[in-house]
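Since every read-out is calculated from the coordinates, none of them should be taken as a lab result. None of the values given here were measured: they were computed from a predicted structure. FYI the Cβ positions are ideal-geometry reconstructions off the backbone, even for glycines, and counts take in every protein chain you see.
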Amino acid sequence: MRAARTLAAVMLGQDAVVVDVEAVAHAGEPALNLQGLPRQAESACRDRVYAATCNSGLVWPTLRITVTLHPVSLARDTSTLDLAVAGSVLAAAGLLPAVELDTALSLAELGLSGAVRPVRNALPMVQAAADCGASTVIVAPENAAEAAQMNGARVLAPRTLGELVEQLRSIPH
């Protein structure tokens, strides 16, 4: 069994809340189970992540993967979680170095094509993640200037999920 973790963030009213996104992959009937989202949002997130992964030229893992979001009690604009869910799934499946995501904030919506799309209110979410110890921020290119305001953080701004995978794989370990 392999596990991975990354950070995401959501807006709850005027406040940014950091969300731990944890994934575990193990043998079994291939599936992606998302825990911590309303049922309709769960289905939409799963579909976006699956399509973005496949359309980025990546192979969808043939493992049973469970993703849990903490805290689970928050109402969420789930599109801000897409990139974090995708990253944790790929890292748990061994397709990305999990160590690179462990202290990273992944904050972007994924298009079905694999495009990394910007989110609203990126700055307060980036600041909340910095307060929780995030050392890397992964955002859409349109949010890179806001992310760069986090002092000392490495900012990655890939245009696609495939480009992010290439960037993370090329970082020396």
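Judged by the ratio a/c of the largest to the smallest principal axis of the C-alpha gyration tensor, the range 106-173 counts as oblate, that ratio being 1.5 or greater while a/b is no larger than b/c. Subtract the Cα-Cα distance of residue 29 and residue 149 from 0.36 nm times their separation in residues, and report this length gain in nm to one decimal. So the chain would gain 38.9 nm between residue 29 and residue 149.
For the range 97-112, putting each phi into the Karplus relation 6.51 cos²θ - 1.76 cosθ + 1.60 with θ = phi - 60° gives couplings of x, 4, 4, 6, 9, 4, 10, 10, 9, 10, 9, 6, 8, 10, x, 4 Hz, in residue order, rounded to whole numbers and with x for Gly and Pro. Taking 7 Å steps out from each Cα toward its Cβ at residue 117 and residue 99 produces label points 3.5 nm apart. Using all pairs of distinct alpha-carbon atoms, the Kirkwood hydrodynamic radius of the chain works out to 15.5 angstrom. The label point for residue 131 and the one for residue 68, both projected 7 Å from the Cα toward the Cβ, are 2.5 nm apart.
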